[in-house]
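The values are calculated or read from the model by the stated rules, or taken from the named source; none is laboratory data. Keep in mind the model is a prediction, meaning the values are calculated, not measured. Every residue, glycine as well, gets a Cβ built from its backbone with ideal geometry; the counts of neighbours run over all protein chains shown. These accessible areas exclude ligands, DNA and RNA; they are computed on the full protein's heavy atoms, side chains included. Shrake-Rupley method; radii C 1.70, N 1.55, O 1.52, S 1.80 Å.
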Amino acid sequence: MAERDGPEKRGRLSRPLVLEAAVALVDREGLAALTMRRLAAELGVESMALYRYTPGKEALLDGLTEAYFTEINTRLRTAAGDGPHRTGWRTELRRIAQAFSVVAHAHPEILPLVATRPLAVPVSRRPAPALALTEHILAVLGRAGFDDATALTIYRTFVAWNLGCLLVDKRQVVDNPDEPDPVLRLGLHRLPAADYPRLRALVPRFADFDDRAEMLAGLDSLLDGMPEPPLDAFYEEGGS
């Protein structure tokens, strides 16, 4: 049997390329479609060629979270531009939240992994891009002058709100996205009106709200309840 003329034969297969193909496959067909064999077929290689870059399915799932956080960090660096700029800690947290939201909307099938898989391992074994984002957030809060305890409280609040809003995204209420009739599109005909009157009344509003605006408005409300930092400090992106 002739060898496949895929990326491995041409010497171009790499971990970033493998993860990029895995993300694309999951975006297109969902997590259930992701297997080592199917991913190898997507890349035009034999399955064994992938084990050099990811030792198995579980590691591949961890790789999806790695790719997810890599994209967030890349977006943050790109938005910051080439030169240093100064921004307040709240403005920077909002910027991070918006980047997280953009990536979540681009890869909705991966978001549940992002919310759960890092928690299954010690902090030191989480993907480097996830650790880099955490370090960035804590650095922002530290430079603003918060003590360690307050910085951790704000960090936990920020992460919990961000993930919570995205996991309860409006797309989860859509039963049939191709159906023009709102009742059928949202599957409300499946809910007896006598048993679920409030759900029947409110689900259409939930499906139409601006989730990113709601997320940022809620984040602002949460941060309003946090103590002010003792310093009128700024985080300088791209500076020394």
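Return the only residue of THR70, THR87 being at pLDDT 95 or above and among the hydroxyl-bearing types (Ser, Thr, Tyr).
THR70
Which of the residues belonging to region 170-185 are within 25 Å of the chain's Cα centre (by Cα) and modelled with pLDDT of 80 or more?
Of everything in region 170-185, those that are within 25 Å of the chain's Cα centre (by Cα) and modelled with pLDDT of 80 or more turn out to be ASP175, ASN176.
State which residue pairs qualify: first residue under 17 Å from LEU113 (Cβ atoms) and free of Cβ contacts under 8 Å to residues at least 24 places away in the same chain and inside region 27-42, second residue open to solvent by 60 Å² or more (accessible area, probe 1.4 Å) and assigned to a helix (DSSP H, G or I) in any location, beta carbons under 8 Å apart, and separation of 6 or more residues or different chains.
From residues that are under 17 Å from LEU113 (Cβ atoms) and free of Cβ contacts under 8 Å to residues at least 24 places away in the same chain, the pairs are THR35/LYS57.
For region 49-66, enumerate the residues that are among the hydrophobic types (A, V, I, L, M, F, W, C) and open to solvent by 10 Å² or more (accessible area, probe 1.4 Å).
Of everything in region 49-66, those that are among the hydrophobic types (A, V, I, L, M, F, W, C) and open to solvent by 10 Å² or more (accessible area, probe 1.4 Å) turn out to be ALA49, ALA59, LEU61.
Within region 83-99, can one find any residue that is open to solvent by less than 20 Å² (accessible area, probe 1.4 Å) and assigned to a strand (DSSP E or B)?
Yes, some residue in region 83-99 is open to solvent by less than 20 Å² (accessible area, probe 1.4 Å) and assigned to a strand (DSSP E or B).
Residues of region 223-240 being open to solvent by less than 60 Å² (accessible area, probe 1.4 Å) and modelled with pLDDT of 85 or more, which ones?
Result: LEU223, MET226.
Please pick out the residue among LEU163, LEU191, LEU133 that is surrounded by 13 or more Cβ atoms within 10 Å (Cβ to Cβ) and modelled with pLDDT of 95 or more.
LEU133
Could you please give the count of residues in region 37-48 that are in contact with a helix residue (DSSP H, G or I) (Cβ under 9 Å, 6 or more places away or on another chain) and surrounded by fewer than 18 Cβ atoms within 10 Å (Cβ to Cβ)?
Residues in region 37-48 being in contact with a helix residue (DSSP H, G or I) (Cβ under 9 Å, 6 or more places away or on another chain) and surrounded by fewer than 18 Cβ atoms within 10 Å (Cβ to Cβ): 7 in total.
Specify which of the listed residues (THR70, THR65, THR78, THR116) is more than 12 Å from the chain's Cα centre (by Cα) and β-branched (Val, Ile, Thr).
Residue meeting the stated conditions: THR78.
Applying the selection to region 172-190, what residues are over 24 Å from GLU109 (Cβ atoms) and assigned to a loop (DSSP other than H, G, I, E, B)?
Within region 172-190, PRO180, ASP181 meet the criteria.
Using beta carbons and a limit of 6 Å, which pairs, at least six apart or on different chains, have the first residue in region 129-154 and among the basic types (Lys, Arg) and the second one open to solvent by less than 60 Å² (accessible area, probe 1.4 Å)?
Within 6 Å, the pairs are ARG143/ALA233; ARG143/TYR235.
Residues of region 101-121 being open to solvent by 20 Å² or more (accessible area, probe 1.4 Å), assigned to a helix (DSSP H, G or I) and over 17 Å from LEU131 (Cα atoms), which ones?
Answer for region 101-121, where residues must be open to solvent by 20 Å² or more (accessible area, probe 1.4 Å), assigned to a helix (DSSP H, G or I) and over 17 Å from LEU131 (Cα atoms): VAL102, HIS105, ALA106, PRO112.
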